[in-house]
């Protein structure tokens, strides 16, 4: 069953103080960010801090989501390898243009879940549509994996792709 996501709060994954501050907040979904809010030189630190925080936060009513780098980046694989064992509720996947990207991410998630002793399909996927091409393929993207229970429109990047 899909979660209710009325309020989503993005939190920079490289800033421990901001991660800690979320403990007392009342958002439906906390999105711990490894992508846009993290400087390239801080990616490793963000992975470590975010993974430790998500694991310590534990499962509950509030969704623990991690926004990783896009599948087309060199950071994607390392992001998933680091955060999946922490058992986030979902992974937000940016810059999705094709259903093949979802199939790829789904397969990697399945392998990492198996390796970490997590039930198959337990970690949800939230693809972000950020281009006209992604919007064109939105239906196929939404149907590409049973892990998907929502699509997200990244309006700023989407607007930039339109010129």
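Values in this text are rule-based calculations from the coordinates and carry no lab data. In this text the structure is predicted, and so the values were computed from the model without any measurement. Because the Cβ atoms are built from the backbone with ideal geometry, glycine has one as well, and the counts that use them run over all protein chains shown.
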Q. For residue 114 and residue 55, what is the calculated FRET efficiency with R₀ set at 25 Å and r taken between the beta-carbons, to the nearest 0.05?
A. 0.85
Q: Return 104, 53 ranked ascending by Cβ neighbour count within 10 Å, so the fewest neighbours appear first.
A: 104, 53
Q. In the chain, what percentage of the DSSP-assigned beta bridges are antiparallel, given to the nearest 5?
A. 0 percent
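Report the calculated FRET efficiency for residue 41 and residue 162 (r = Cβ-Cβ distance, R0 = 30 Å), to the nearest 0.05.
Numbers: r = 31 Å, r/R0 = 1.05.
Efficiency, rounded to the nearest 0.05: 0.45.
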Q. Gaussian network model of the chain, Cα springs within a sub-10 Å range: biggest mean-square fluctuation belongs to which of 147, 48, 87?
A. 48
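Percent relative contact order of the chain, based on C-alpha pairs within less than 8 angstrom and at least six residues apart?
Working: 296 pairs, mean separation 28.7, N = 163.
Normalised by residue count, the contact order of the chain is 18 percent.
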Q.
Highest mean first, how do 155-161, 140-146 rank when packing is the count of other Cβ atoms within 10 Å averaged over residues?
A. 140-146, 155-161
Q: Note the per residue figure in Å³ for the convex hull of the C-alpha positions in the chain.
A: 110 Å³
Q.
Report the Cα centroid-to-centroid distance between region 126-150 and region 69-91 in angstrom, as an integer.
A. 18 Å
Q) Add -39500 (n - 2.57) for each DSSP H run of 4 or more in the chain, then divide by its residues: what number comes out at 222 nm, to the nearest 500 deg cm²/dmol? A) -11500 deg cm²/dmol
Q: Quickly work out the residue 48-to-residue 28 label distance, labels modelled 7 Å from Cα along the C-beta direction, and quote it in nm with one decimal.
A: 3.5 nm
